[in-house]
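Enquirer: Starting off with a structure, shown below.
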Amino acid sequence: MTEKEKMIAGDCYSAVDPQLLAELVETQEILVEYNALPPTDKLRKREILLSLLGHVADNEVIINQPFRCDYGKQISVGKRFFANFNFTVLDEAPVTIGDNCFIGPNVSIYTACHSTEPVQRNSRVEWARPVNIGNNVWIGGSVTILPGVSIGDNVTIGAGSVVVKDIPSNCVAAGNPCKVVRKLMIED
């Protein structure tokens, strides 16, 4: 397996693999253009997002500048997706976001994992765990979502939260670590 195949499979891989480093640089070049576009150039911004991201459900995707990600192709967004300023996604593993999701400013989603052991960490070997976000989710400003987390449908994550474990559907969750603070009664 190539290092990229290992990364996508969730296995340990070399983060300094030449192919992966080249893809990171290519994505950064695309993001330099995207982030420099005038806010009025909605057509070009949309074109870049449609080519950069792995899946976009419709043309209503909006990601305010600046936007940062590692690869882009591992990110999938549903219908009517909106992300505010300074959205950062480390997409070494898939990041799947459902329909009608709103992301506040300064939100970070991480999939990359590193050893807590210094010798192993310094070897630049890492692994990644996917992040899944359901439909009708609002992620408040300055939220951090850690690797391997799933957030259910109809969820609000309070501003400043650090999401370290799965959050079930139909609730409001907040804090560090993020926990359910209120269940919602959702009618079908």
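The values are calculated or read from the model by the stated rules, or taken from the named source; none is laboratory data. Values in this document were obtained by computation on a predicted structure and should not be read as measured data. Heads up, the Cβs are rebuilt from the backbone with ideal geometry, glycines too, and the neighbour counts pull from every protein chain shown. What goes into the accessible areas is simple: the full protein's heavy atoms, side chains included, and nothing from ligands, DNA or RNA. Shrake-Rupley method; radii C 1.70, N 1.55, O 1.52, S 1.80 Å.
Enquirer: Step by step: first the residues of the stretch 132-155, then only those that are of a type outside the set (A, V, I, L, M, F, W, C) and touching a residue at least 40 places away in the same chain (Cβ under 8 Å), then the one that is nearest to R80 (Cα to Cα). Which residue is that?
Expert: Within the stretch 132-155, the subset of a type outside the set (A, V, I, L, M, F, W, C) is 132, 134-136, 140-142, 144, 147-148, 150, 152-154.
The next check asks that each one be touching a residue at least 40 places away in the same chain (Cβ under 8 Å); those that pass are 135, 141, 147, 153.
Values: N135: 10, G141: 19, P147: 24, D153: 15 Å.
The extreme case among them is N135.
Enquirer: Hey, another quick one. Within 24 Å of Y34 (Cα to Cα), modelled with pLDDT of 95 or more, of a type in the set (S, T, Y) and within 14 Å of the chain's Cα centre (by Cα): does that describe S150?
Expert: It is false that S150 is within 24 Å of Y34 (Cα to Cα), modelled with pLDDT of 95 or more, of a type in the set (S, T, Y) and within 14 Å of the chain's Cα centre (by Cα).
Enquirer: Pull up the stretch 11-39, narrow it to residues that are of a type in the set (A, V, I, L, M) and touching a helix residue (DSSP H, G or I) at 6+ places or on another chain (Cβ under 7 Å), then point me to the one that is nearest to L90 (Cα to Cα).
Expert: Here the residue is L20.
Enquirer: Please enumerate the residues belonging to the stretch 165-186 that are farther than 19 Å from G148 by Cα, open to solvent by 50 Å² or more (accessible area, probe 1.4 Å) and of a type in the set (A, V, I, L, M, F, W, C).
Expert: Listed by number, the residues that qualify are V181, M185, I186.
Enquirer: What pairs can you find where one residue is in the stretch 103-126 and under 22 Å from Q74 (Cβ atoms), the other is among the aromatic types (F, W, Y) and open to solvent by less than 20 Å² (accessible area, probe 1.4 Å), and their Cβ atoms are less than 6 Å apart, with a gap of 6+ or different chains?
Expert: Between residues of the stretch 103-126 that are under 22 Å from Q74 (Cβ atoms) and residues that are among the aromatic types (F, W, Y) and open to solvent by less than 20 Å² (accessible area, probe 1.4 Å), the close pairs are I103/F87; V107/F87.
Enquirer: Can you name every residue in the stretch 109-129 that is among the polar types (S, T, N, Q) and open to solvent by 20 Å² or more (accessible area, probe 1.4 Å)?
Expert: T116, Q120, N122, S123, listed by residue number.
Enquirer: Evaluate the stretch 121-144: report whether one residue or more is out of contact with any Lys or Arg (no Cβ under 6 Å at 6 or more places or on another chain), modelled with pLDDT under 95 and of a type in the set (S, T, Y).
Expert: Yes, the stretch 121-144 has at least one match.
Enquirer: So, Q65, is that one more than 21 Å from P147 (Cβ to Cβ), modelled with pLDDT of 95 or more and in contact with a helix residue (DSSP H, G or I) (Cβ under 8 Å, 6 or more places away or on another chain) or not?
Expert: So Q65 fits the description; yes.
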